[in-house]
Amino acid sequence: MTGSLAVVGLGPGDPRCLTLEADAALASAQALYGYGPYLDRVPSRVGQTRHVSDNREERARAAAALDRAAQGARVAVVSGGDPGVFAMGAAVCEAIETGPEAWRALDVIFVPGITAMLAVAARIGAPLGHDFCALSLSDNLKPWELIERRLDAAANAGFVIALYNPVSRARPWQFGNAITLLRRHLPPSTPVVFGRAVGRPDECVEVTTLDAADEKNADMATLVIVGSPETRIVTRPGKSPFVYTPRAAVKVSA
Ligand code: SAH
């Protein structure tokens, strides 16, 4: 029997945002691997085993899942959002690149999911309507200086910036520093969106501006979108505002 591995994106949290492809991959798996809160979102199915691991154990989880697949099982590894965005996809590829030859012979598929920045953007309009980039503020796997350089470059290049992993218990000051840095490049009126736990019961979405943005509004479950100088807020009577970035960019002078 040939084993296989599916690296499956669960989307932001709402079961309606799980794709049919992801649901099928989860249903046919014999063994599921993932971080506990993500596995909790997967309906239990008879005969399926579950292997819970800590969020920081991506490498070990990838290796365990690949081992199981190499023994002949149909295995699924789950990620929140999309597995290719700051998640298990790259950990699995890295394990295959550096691991035993047998892992390269396995059937491996990556099943996309709705990533957090798309789920948050859809709540408030079209902030990613023109050029944008995504950055993780976690300095667990890269030095903070590199993050600052990328923030400088992104803001100077006029990108809308989606910030993943703004804070965690072990990283209390990074997001405040990032906001201070962005204030040096961008107008005070630049729209900022805090999207917390989107698609889950405790969802909370706030639209503000860069000068008023309060770093305490972000936690581990928050995705922050910082607009470009072209991003606009459209107020509506009695309804929440839209935030959008027009599709026509300002002309760059020669
Ligand atoms: N693979 C995931 C991202 C993992 S990194 C994806 O594609 O969405 C974890 C970060 O994603 C969190 O710190 C937060 O910034 C963001 N995030 C994940 N789920 C979210 C949700 N439901 N609402 C808002 N942000 C979320």
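At 7 Å along Cα-to-Cβ for each site, give me the label-to-label distance between L141 and T235 in nm.
Distance between label points: 4.2 nm.
For q values of 0.10, 0.18, 0.20 Å⁻¹, compute log₁₀ I(q)/I(0) with the Debye formula on a Cα-only model of the stretch 117-254, without solvent.
Evaluating at q = 0.10, 0.18, 0.20 Å⁻¹ gives log10 I(q)/I(0) of -0.30, -0.99, -1.22.
As an exercise, use a Förster radius of 25 Å and the Cβ-Cβ distance of E57 and L20 to find the FRET efficiency, rounded to the nearest 0.05.
Numbers: r = 29 Å, r/R0 = 1.18.
Calculated value: 0.25.
Run the paramagnetic zone check for D40: 7 angstrom along Cα to Cβ, then residues of the stretch 199-213 with backbone nitrogen under 12 Å.
Counting only backbone N, you get 201-202.
Between V205 and T98, with labels modelled 7 Å along Cα→Cβ, what's the label distance in nm to one decimal, could you check?
3.9 nm
Need one number: % antiparallel among DSSP beta bridges in the chain, to the nearest 5.
Antiparallel bridges: around 45 percent, rounded to the nearest 5.
Highest mean first, how do 230-241, 27-38 rank when packing is the count of other Cβ atoms within 10 Å averaged over residues?
Final packing ranking: 27-38, 230-241.
Enumerate the amide H contacts of S168 below 5 Å, restricted to partners 5 or more residues apart or on another chain; note that Pro and chain-start residues carry no placed amide H.
For S168, whose amide H was placed from the backbone, there are no distant partners under 5 Å.
So which trypsin sites (Lys or Arg not before Pro) in the stretch 112-199 are both in a DSSP loop and have at most 13 other Cβ atoms within 10 Å of their Cβ?
When the trypsin sites (Lys or Arg not before Pro) of the stretch 112-199 are filtered for loop state and at most 13 Cβ neighbours within 10 Å, R169 remain.
Would you calculate the separation in nanometres between label points at T180 and S28, each defined as 7 Å from the Cα along the Cα-to-beta-carbon direction?
5.3 nm
Just the Kirkwood number for the stretch 81-179, please: inverse of mean 1/r across all distinct Cα pairs, in Å, one decimal.
Across the stretch 81-179, the inverse of the average 1/r is 15.7 Å.
When ranked by the protection proxy of mean other Cβ atoms within 10 Å per residue, highest first, what sequence do the peptides 51-57, 156-162 form?
Packing proxy ranking, top to bottom: 156-162, 51-57.
Could you tell me the ratio Rg/Rh of the stretch 160-220? Both radii from Cα atoms, Rh via Kirkwood.
0.96
Could you bin all the Cα-Cα distances of the stretch 31-122 into 10 Å bins starting at 0 and give me the percent of pairs in each, rounded to whole numbers?
16, 49, 29, 6, 0
What value, in deg cm²/dmol to 500, does the helix sum -39500 (n - 2.57) over DSSP H runs of n ≥ 4 give at 222 nm once divided by the residues of the chain?
-8500 deg cm²/dmol
Evaluated at 37 °C with a viscosity of 0.692 mPa s, what Stokes-Einstein diffusion coefficient in µm²/s does the stretch 192-254 have when Rh comes from the Kirkwood expression over alpha-carbon pairs?
It diffuses with D of about 245 µm²/s by this estimate.
From the convex hull of the Cα coordinates of the chain, what is the mean projected area in square nanometres?
15.9 nm²
Might you report the magnitude of the Cβ-based charge dipole of the stretch 134-254 about its Cα centre, with Lys and Arg at +1 and Asp and Glu at -1, to the nearest 20 debye?
Charge dipole of the stretch 134-254: 300 debye, to the nearest 20.
Only the coordinates and a few stated rules stand behind these numbers; no lab work does. None of the values given here were measured: they were computed from a predicted structure. We place every Cβ from the backbone using ideal geometry, glycine too, and count neighbours over all the protein chains shown.
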